[in-house]
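> Please read through the structure below; I'll follow up with questions.
The values are calculated or read from the model by the stated rules, or taken from the named source; none is laboratory data. This structure is a prediction, so every number in the text was calculated from the model and none was measured. Positions of Cβ are generated from backbone atoms using ideal geometry, with glycine treated the same way; all protein chains shown enter the neighbour counts. These accessible areas exclude ligands, DNA and RNA; they are computed on the full protein's heavy atoms, side chains included. Shrake-Rupley method; radii C 1.70, N 1.55, O 1.52, S 1.80 Å.
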Amino acid sequence: MVGSGPELDPDDLPDGLVVADGLGRVVCFNRAAARLTGVSAEAALGSELEDVLQLEDLDGRRWWQLTDPYGGLATRTRQPERNLLLPGGREVLVSARYVRTARCGPVERLVIALRGTEARRRTERSHAELIATVAHELRSPLTSVKGFTATLLAKWERFTDGQKRLMLETVDADADRVTRLIAELLDISRIDAGRLELRKQVVDLAAAVHRHVERKVATGIPEERFDVRVNEPLTVLWADPDKVDQVLGNLLENAVRHGEGTVTIEVAPAKEVVEAPVWERSGTPPRIVEGTAVTVSDEGSGIPEESMPRVFTRFWRGSKRGGTGLGLYIVKGIVEAHGGSISVDRAPGGGARFRFILPAGVPDFML
Ligand SMILES: Nc1ncnc2c1ncn2[C@@H]1O[C@H](COP(=O)(O)OP(=O)(O)OP(=O)(O)O)[C@@H](O)[C@H]1O
Ligand SMILES: [Mg+2]
């Protein structure tokens, strides 16, 4: 066994574990195996493996006859994971390892891992849902692009210049929507695959916030709607400036579009206890993150308490003013890729309050 400490109890394993000896008799049958197969450990132990695990492949062929672990090729050391059926048609994922006394010697032990297919089914379902949503999101702007261009081509002479301009503006906006959606989907696939590339530089977060506010004001939003408060001194931030811009851009856009009243943006040094992101959570203890926190709050109707856990999920949108509902998912992915964290709650004024913290990082050459 690798490592020290108390010996591993097979009953603690999340997957089913079945071990047979050199004669094909079951010598270990853990709790998960009993749960998956419906056979008790008492009944299984000492019995013939072939009787205990009556596995068939999807074409109805008996699995043990097919693989013949004790009599088959003496160089074989394993069976890769396969989707097999238990009596009654229940699906299990099965993989096996042949432990031999010597290279090419007889099989001394057969170690079989069993896994339920529910988790995989769930992922498959969520992929199918994602594809359906993406297809739908792409289709509506494209339907409008196609509709307007077809109408213009067929009846060009009948429209006034003003009408034509209006239609072309709609087509233009819809084409932008598709482009943006595709860019967001690419970001999501990088985030999900853990391949979000960060090109880190020294980032002045306060300056970035001011820049975003100026940009919003330039697009016609009254300056009074923004209240920027910077709590100096801030720590040096080593981050990807484009990605930080994406985060600020979405949070400010959300506050303006989904919220109301004054949007208050606070930038301040912070030290927080941060839980590891979900995909790293097994066994990863919370960390203390020291860096800069940005809080964006507004005075709108906020996000209902019961929806708060869902705002960072893909495609969730609470109001009709929503876009695609991908913004906050990407924001969270970017913040976590930087080792930071983001949360939402209610602002004192009643609106939504988003707060993210990015760890202060000092690049090697500055040490
Ligand atoms: N400041 C806010 N006040 C009220 N509701 C908000 C606020 N920010 C976000 N929301 C709600 O959360 C939903 C998800 O936000 P998110 O940024 O992920 O998507 P979106 O803004 O709808 O679309 P996208 O950002 O992809 O264009 C929004 O549709 C909105 O209902
Ligand atoms: Mg948004």
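> Once R0 is set to 56 Å, what does the formula 1/(1 + (r/R0)^6) return for the Cβ-Cβ distance between residue 276 and residue 153, expressed as a FRET efficiency to the nearest 0.05? All intermediate terms of the calculation are to be shown ahead of the outcome.
Details: r = 55 Å, r/R0 = 0.98.
Result of the calculation: an efficiency of 0.50.
> Using alpha-carbon pairs under 8 Å, 6+ residues apart, how would you state the relative contact order of segment 120-192 in percent? Could the numbers behind the result be given before it?
Numbers: 21 pairs, mean separation 29.2, N = 73.
Taking the mean separation of contacting Cα pairs over the length of segment 120-192, I get 40 percent.
> Then there's this: What distance in nm separates the two pseudo spin-label positions at residue 68 and residue 160, each 7 Å out from Cα along the beta-carbon direction?
8.6
> Dipole magnitude of the chain about its Cα centre, charges +1 at Lys/Arg Cβ and -1 at Asp/Glu Cβ only, in debye to the nearest 20?
Details: 49 positive and 54 negative charges, 185 e Å.
For this selection, approximately 900 debye.
> If the cut-off is 24 Å between C-alpha atoms, which lysines fall inside it for residue 164, apart from same-chain ones fewer than 8 positions away?
146, 155
> Rounded to the nearest angstrom and ordered from largest down, what semi-axes does the equivalent ellipsoid of segment 201-366 get from its C-alpha gyration tensor (root of 5λ)? Present the calculation step by step, with values, prior to reporting the outcome.
Values: eigenvalues 118, 85, 39 Å².
Equivalent ellipsoid semi-axes, largest first: 24, 21, 14 Å.
> Moving on to the next point. By the scheme Lys and Arg +1, Asp and Glu -1, what is the net charge of all other residues having a beta-carbon under 15 Å from that of residue 350? Provide the component values of the computation, followed by the final result.
Working: positive: 346, 353; negative: 260, 298, 299, 305, 345.
Here the count lands on -3.
> Using a 1.4 Å probe on the protein heavy atoms, what percent of the accessible area of segment 11-116 belongs to carbon and sulfur? Please report the intermediate quantities before stating the final value.
Details: 2770 of 5750 Å².
Whole-percent figure for carbon plus sulfur exposure: 48.
> Which one, 302, 112, 342, projects farthest toward the positive side of the charge dipole computed for the chain from Cβ point charges (K/R +1, D/E -1)?
Most positive-ward Cα: 112.
> What accessible surface, in Å², does a 1.4 Å probe find on residue 155, ignoring ligands, DNA and RNA and rounding to the nearest 10?
Roughly 80 Å² of residue 155 is accessible to a 1.4 Å probe.
> Under a Cβ-Cβ cut-off of 11 Å, what is the net charge of the residues other than residue 127 that fall near it, where Lys and Arg count +1 and Asp and Glu count -1? Walk me through the numbers on the way to the answer.
Values: positive: 120, 121, 122, 125; negative: 124, 129, 192.
Value of the local net charge: +1.
> If you count only protein heavy atoms with a 1.4 Å probe, what accessible area per residue comes out for the chain, rounded to a whole Å²? Show your work: numbers first, answer last.
Working: 21350 Å² over 367 residues.
Result: 58 Å² of accessible area for each residue.
> At a Förster distance of 30 Å, what's the computed FRET efficiency of residue 228 paired with residue 192, Cβ-Cβ distance as r, to 0.05? Kindly include the intermediate steps, with their values, before the conclusion.
On the way: r = 33 Å, r/R0 = 1.11.
After rounding, the FRET efficiency stands at 0.35.
> So for the chain, taking the charge dipole from beta-carbon charges (+1 Lys/Arg, -1 Asp/Glu), which of 151, 236, 261 sits furthest toward the positive end?
151
> Determine, from the Cβ-Cβ distance of residue 101 and residue 125 and an R0 of 41 Å, the FRET efficiency 1/(1 + (r/R0)^6), rounded to the nearest 0.05.
Working: r = 44 Å, r/R0 = 1.08.
My answer for the efficiency is 0.40.
> Tally up the carbon and sulfur contribution to the accessible surface of segment 201-366 as a whole percent, 1.4 Å probe, everything protein left in place. Display every interim value, and only then the final one.
On the way: 4270 of 8310 Å².
C and S fraction of accessible area: 51 percent.
> Quick one: longest stretch of the chain between exposed loop GluC sites (Glu not before Pro), exposed meaning at most 10 other C-beta atoms within 10 Å and loop per DSSP?
On the way: sites that count: 7, 197.
By the stated rule (loop sites, at most 10 other Cβ atoms within 10 Å), 8-196.
> Separate question: Show 335, 236 ordered by accessible area, largest first, where the area counts protein heavy atoms only and the probe is 1.4 Å.
Putting 335, 236 in descending order of accessible area: 236, 335.
> Report the local net charge at residue 20: Lys and Arg +1, Asp and Glu -1, summed over other residues whose C-beta lies under 13 Å from its C-beta.
Numbers: positive: 25, 97, 109; negative: 21, 48, 50, 51, 108.
With Lys, Arg at +1 and Asp, Glu at -1, the net is -2.
> Another question, then. Sort 104, 28 by accessible area with a 1.4 Å probe, largest first.
On the way: 104 70, 28 30 Å².
Most to least solvent-accessible, the answer reads 104, 28.
> Quote the charge dipole size of segment 201-366 about the Cα centre in Debye, to the nearest 20; the model charges only the Cβ of Lys and Arg (+1) and of Asp and Glu (-1).
Details: 19 positive and 23 negative charges, 118 e Å.
Magnitude of the dipole: close to 560 debye.
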